[in-house]
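For reference, the structure is listed below as structure tokens.
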Protein chains: 2
Amino acid sequence: MTYFNYRGRAEVIRYMLVVGGVQYEDIRVDLEGKPTRDPVTVPQGCEKQLPFNQLPTLEIDGEIFCQTKSICRYLATLFDLHGETAKDRLYSEMVVECVDDLVNDVIIMRRTKNEEQRNELLEELINTTAPRAISSFDCFIKNKPHGGPYLLGNRVS
Amino acid sequence: MTYFNYRGRAEVIRYMLVVGGVQYEDIRVDLEGKPTRDPVTVPQGCEKQLPFNQLPTLEIDGEIFCQTKSICRYLATLFDLHGETAKDRLYSEMVVECVDDLVNDVIIMRRTKNEEQRNELLEELINTTAPRAISSFDCFIKNKPHGGPYLLGNRVS
């Protein structure tokens with residue numbers, strides 16, 4: 001698993017590899033602290049090493065994959081963390097995407113260079129987006145179809 | 001399937017339902033043309049009708065789900081459009097996420113209210129983000145692990 005030397009987008013992949021009990025190589029690279037989707041210079045002929053110019057990547061049997069959430073879903077399949085039915089899988093993925101929407105709003109705000117614009121986005125996050133999302137999560141948890149302490153009942157998904 | 005009266009994020013769900021040969025109700029709502037993630041006023045007690053305040057939603061056997069990509073993956077499971085192995089699934093999902101990154105950059109640009117800021121984002125898209133993404137897709141297609149005309153060989157995924 002290759003990523004920059006911080007938690008960032010890769011941390012959930014690291015968690016999942018630990019939960020799955022898999023030995024993996026935690027490769028940390030330093031590209032002057034550039035965030036994931038900034039342009040990365042790929043040496044000629046090395047495009048296969050960095051598909052879509054993105055980190056994190058995960059190498060599986062010599063093949064290199066990117067896109068955090070896709071990698072996580074692959075690991076969830078491998079480690080049987082998707083619940084029992086296709087609908088269970090849909091539930092867990094829906095919640096992940098909703099959390100990711102919120103995370104992305106934070107990332108967009110933090111990357112905005114214009115200070116006034118960034119402050120506006122921060123205010124919108126604090127006053128509107130985050131409270132609305134949290135209240136939706138509250139409501140969803142109250143109505144969730146499975147009992148038990150976890151989203152899909154009695155086990156982690 | 002419920003969405004606003006335009007193609008937008010829901011169109012790919014509509015396509016998939018057609019590919020899967022499923023009869024479905026194509027409900028179009030008008031919320032003054034607001035884009036998907038704008039706040040939607042949910043009448044008290046109706047939170048179950050609009051989980052996470054988002055459209056599109058898909059009702060399956062009386063349960064309502066949101067998040068376009070999660071819904072699409074569920075339909076891909078139902079209609080056997082994910083290839084044969086977990087790695088095939090990872091390939092197809094990785095490509096979807098990379099396309100979605102580009103789409104999201106366009107959406108962020110279009111939603112930016114400040115004209116100067118919006119023009120900067122547009123320029124970055126045209127001169128940097130889009131060409132880089134297209135060249136990555138070109139490179140990926142050249143090196144793709146399956147032969148045949150489609151991403152996963154001889155059938156649509």
Taking each full run of DSSP H in chain B as one helix, which ones are at least 20 Å long along their axis (Cα atoms) and have mean Kyte-Doolittle hydropathy of at least 1.0?
-> none
How many nm separate the modelled label positions at B:D61 and B:Y24, each set 7 Å beyond the Cα in the direction of the Cβ?
-> 1.7
Determine the shielding of peptide A:61-67 by partner chains: average, over its residues, the number of Cβ atoms on other chains within 10 angstrom of each Cβ.
-> 3
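Which entries in the list A:K69/B:K113; A:K87/B:K144; A:K69/A:K142; A:K144/B:K87; A:K144/B:K69; B:K69/B:K113 go over 23 Å, if you measure between the two C-alpha atoms of each?
A:K69/B:K113; A:K87/B:K144; A:K69/A:K142; A:K144/B:K87; B:K69/B:K113
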Taking only the alpha-carbon atoms of region A:53-157, what semi-axes of the equivalent ellipsoid follow from 5 times the gyration tensor eigenvalues under a square root, in whole Å, largest first?
-> 29, 24, 7
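Can you give me the convex hull volume of the Cα atoms of region A:86-142, divided per residue and expressed in Å³?
It comes to 59 Å³ per residue, whole-number rounded.
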The protein assembly as shown - convex hull of alpha carbons, volume per residue in Å³ | 154
Collect residues whose amide H, placed 1.01 Å from N in the peptide plane, falls under 5 Å from the amide H of B:I60; neighbours closer than 5 in sequence don't count.
-> B:F65
Please average, across the residues of A:128-141, the number of beta carbons from any other chain that are within 10 Å of each residue's own beta carbon, and give a whole number.
-> 3
Per the helix-only calculation at 222 nm, which mean residue ellipticity applies to the protein assembly as shown, given -39500 (n - 2.57) for every DSSP H run of n ≥ 4 and division by its residues, nearest 500 deg cm²/dmol?
-> -14000 deg cm²/dmol
Loop-resident sites, region A:83-148, for trypsin sites (Lys or Arg not before Pro), counting at most 11 other Cβ within 10 Å (DSSP) | A:K113
Which value, in Å², gives the accessible area per residue of chain A when a 1.4 Å probe is used on the protein heavy atoms?
-> 57
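The values are calculated or read from the model by the stated rules, or taken from the named source; none is laboratory data. The model shown is predicted, which means the values in this text are computed figures rather than measured ones. We place every Cβ from the backbone using ideal geometry, glycine too, and count neighbours over all the protein chains shown. The area values use the complete protein model at the heavy-atom level, side chains included, leaving out ligands, DNA and RNA. Shrake-Rupley method; radii C 1.70, N 1.55, O 1.52, S 1.80 Å.
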